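The values are calculated or read from the model by the stated rules, or taken from the named source; none is laboratory data. Here the structure is a predicted model, which means the values were calculated and not measured. In this analysis, Cβ positions are derived from the backbone assuming ideal geometry, glycine residues included, and neighbour counts consider all displayed protein chains. Remember, those area values only see protein heavy atoms, side chains included, never the ligands or the DNA or RNA. Shrake-Rupley method; radii C 1.70, N 1.55, O 1.52, S 1.80 Å.
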Amino acid sequence: LAVDALRYDMLDTEIMPYTSEYAKTAWNFENYFSAGNATRDGIFSLFYGIPSSYWHNARNSGIPAAMMSALRDRDYRIGTFSSANLYSPEFHETVFATFNNLRFNSKGTTAQERDDDCIKDFEKMLMEKDSRSFFSFVFLDNVHSSSVPDDAPHPFTPYHSSINHLELTNDTDPTPYLNLYKNAAYFADMNIKRILDLLKKYNVEDNTIVIITADHGQEFNENHLNFWGHNGNFTKYQLQVPLVVKWPDKGHRIIKERAVGYDVSTTIMQDVLGVENPTEDYSVGQNLFDLKPISYFLAGSYIEFGIVEQDRIVLIDRFNALHFKDLNYRDSSNTTRDKNIFDALMLMNKYLKRNNTVQ
């Protein structure tokens with residue numbers, strides 16, 4: 001269950017009371033980062049377990065995510081319930097390539113109408129009598145567009161009714177825009193409750209793994225560099241998102257170790273699908289239940305990449321030039337070309353030569 005553009009600090013008792021309470025019964029990864037600052041890159045890395053530098057290769061080859069192939073090989077019933085269509089970005093030609101019977105768009109003229117359509121169709125899937133295990137991808141969109149029905153609660157004030165990004169400057173007061181975003185997250189929280197209540201209604205709650213996360217974050221000029229929204233930089237405001245994992249019989253825990261989007265599919269491959277290959281055959285991630293400290297991770301956008309270290313961000317621009325930033329995206333005095341840079345550059349080409357068959 002992914003909520004587009006839901007950043008980490010929205011998982012708060014006032015903003016998302018239900019999901020925050022639910023997180024107390026699950027594994028709550030408080031230091032979790034998407035591997036992309038835009039939908040294409042965040043979802044690609046979430047499913048494939050490898051950097052989004054391989055997006056064009058995956059699209060040109062028509063090879064789906066290894067996790068999706070493994071699910072199909074094990075006869076899972078697969079459903080996609082995405083509010084925004086899955087044709088743009090072209091997930092139908094990448095993540096879900098060769099899956100011709102999936103639901104790739106939703107009905108409705110607004111984000112909340114399409115979200116509602118997703119939830120209704122998800123319930124229809126649960127109503128169907130089928131003895132197979134299921135894998136569902138539910139992707140809600142109202143937070144991304146800061147869309148809230150007029151008759152829904154708006155607890156955070158003052159707020160603007162919409163956001164026109166062309167009007168935003170470095171001097172714009174972010175408060176009414178951030179409050180609208182919080183109101184959208186508050187509404188998304190109610191939709192998350194609807195979805196999780198369906199698992200109870202159809203008696204599958206106790207044997208269903210639930211993963212709640214996002215594809216990327218959303219910035220409101222927190223660092224006063226005139227960055228708004230996403231796909232602009234690789235700071236925590238655009239990369240850090242919630243990750244809540246409710247796994248039957250694993251209890252609850254707060255995890256402080258850094259986790260990355262690559263780790264989700266890795267964990268499913270190993271602990272659900274029983275894939276026996278070495279992890280590096282199909283992923284650069286770790287198992288979420290056995291995280292080790294990492295010195296960096298590679299994050300992507302439509303035109304740039306960021307090597308995100310503990311105390312700096314090394315930006316690889318569209319011309320492959322390196323720029324050294326601190327964690328607030330100002331020029332860093334640390335311009336050392338360390339091993340992380342070399343390893344990240346190698347990682348961006350490693351899987352071009354591998355056979356991604358999993359067993």
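Some values worked out for this structure:
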quantity: The lone exception for Tyr302 - which of (1) in contact with an Asp or Glu (Cβ under 9 Å, 6 or more places away or on another chain); (2) of a type in the set (Phe, Trp, Tyr); (3) in a helix (DSSP H, G or I) it fails; calculated: (3)
quantity: Residue list for the range 32-78, filter: closer than 19 Å to Phe135 by Cα and of a type in the set (Phe, Trp, Tyr); calculated: Phe44, Phe47, Tyr48, Tyr76
quantity: Those residues of the range 159-176 which are within 15 Å of Gln218 (Cα to Cα) and among the hydrophobic types (A, V, I, L, M, F, W, C), in sequence order; calculated: Ile163, Leu168
quantity: Selection count where residues are more than 16 Å from the chain's Cα centre (by Cα) and either crowded, with 19+ Cβ neighbours inside 10 Å or polar (S, T, N, Q) (or both), scope the range 59-77; calculated: 8
quantity: Number of positions in the range 80-93 that are over 12 Å from Thr39 (Cβ atoms) and either at pLDDT below 95 or open to solvent by less than 10 Å² (accessible area, probe 1.4 Å) (or both); calculated: 1
quantity: Close pairs (7 angstrom Cβ cut-off, 6 or more residues apart or separate chains): touching a residue at least 24 places away in the same chain (Cβ under 8 Å) in the range 61-76, among the basic types (Lys, Arg) anywhere; calculated: Asp75/Arg132; Tyr76/Arg132
quantity: Condition met for Ser333 (in contact with a Gly (Cβ under 7 Å, 6 or more places away or on another chain), farther than 30 Å from Asp75 by Cα and of a type in the set (Ser, Thr, Tyr)); calculated: no
quantity: Test result for Met125, aliphatic (A, V, I, L, M), open to solvent by 60 Å² or more (accessible area, probe 1.4 Å) and either at negative phi or modelled with pLDDT of 95 or more (or both); calculated: no
quantity: Filtered residues of the range 157-205 (kept if over 24 Å from the mean Cα position of the chain (by Cα) and within 15 Å of Tyr22 (Cα to Cα)); calculated: Lys200
quantity: Filter result for Asn179 (of a type outside the set (Val, Ile, Thr) and assigned to a loop (DSSP other than H, G, I, E, B)); calculated: no
quantity: Residue match in the range 280-292 (condition: open to solvent by 10 Å² or more (accessible area, probe 1.4 Å), in contact with a helix residue (DSSP H, G or I) (Cβ under 6 Å, 6 or more places away or on another chain), farther than 16 Å from Met348 by Cβ and without any contact (Cβ under 8 Å) to a residue 40 or more places away in the chain); calculated: yes
quantity: Which listed residue, of Asp249, Asp271, Asp197, Asp215, is of a type in the set (D, E, K, R) and surrounded by 18 or more Cβ atoms within 10 Å (Cβ to Cβ); calculated: Asp215
quantity: Residue that is surrounded by the most Cβ atoms within 10 Å (Cβ to Cβ), among those in the range 150-184 that are touching a residue at least 24 places away in the same chain (Cβ under 8 Å) and more than 23 Å from Gln112 (Cα to Cα); calculated: Leu168
quantity: Within the range 1-30, considering residues that are open to solvent by less than 10 Å² (accessible area, probe 1.4 Å) and in contact with a strand residue (DSSP E or B) (Cβ under 6 Å, 6 or more places away or on another chain), the one farthest from Ile119 (Cα to Cα); calculated: Phe29
quantity: Selected residue (only one of Leu239, Leu225, Leu243 is surrounded by fewer than 20 Cβ atoms within 10 Å (Cβ to Cβ) and either farther than 21 Å from Asn31 by Cβ or of a type in the set (A, V, I, L, M) (or both)); calculated: Leu225
quantity: Test: residue in the range 98-117 that is assigned to a strand (DSSP E or B), crowded, with 16+ Cβ neighbours inside 10 Å, touching a Cys at 6+ places or on another chain (Cβ under 8 Å) and in contact (Cβ under 8 Å) with a residue 24 or more places away in the chain; calculated: no
quantity: Filtered residues of the range 128-146 (kept if among the polar types (S, T, N, Q), open to solvent by 20 Å² or more (accessible area, probe 1.4 Å) and farther than 30 Å from Asp73 by Cα); calculated: Ser145
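For (1) in contact (Cβ under 8 Å) with a residue 24 or more places away in the chain; (2) assigned to a helix (DSSP H, G or I); (3) open to solvent by less than 40 Å² (accessible area, probe 1.4 Å); (4) farther than 18 Å from Asp215 by Cα, each residue gets a yes or a no:
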site	(1), (2), (3), (4)
Asp263	yes, yes, yes, no
Asn277	yes, no, yes, yes
Asp311	no, no, no, yes
Arg318	no, no, no, yes
Asn328	yes, no, no, yes
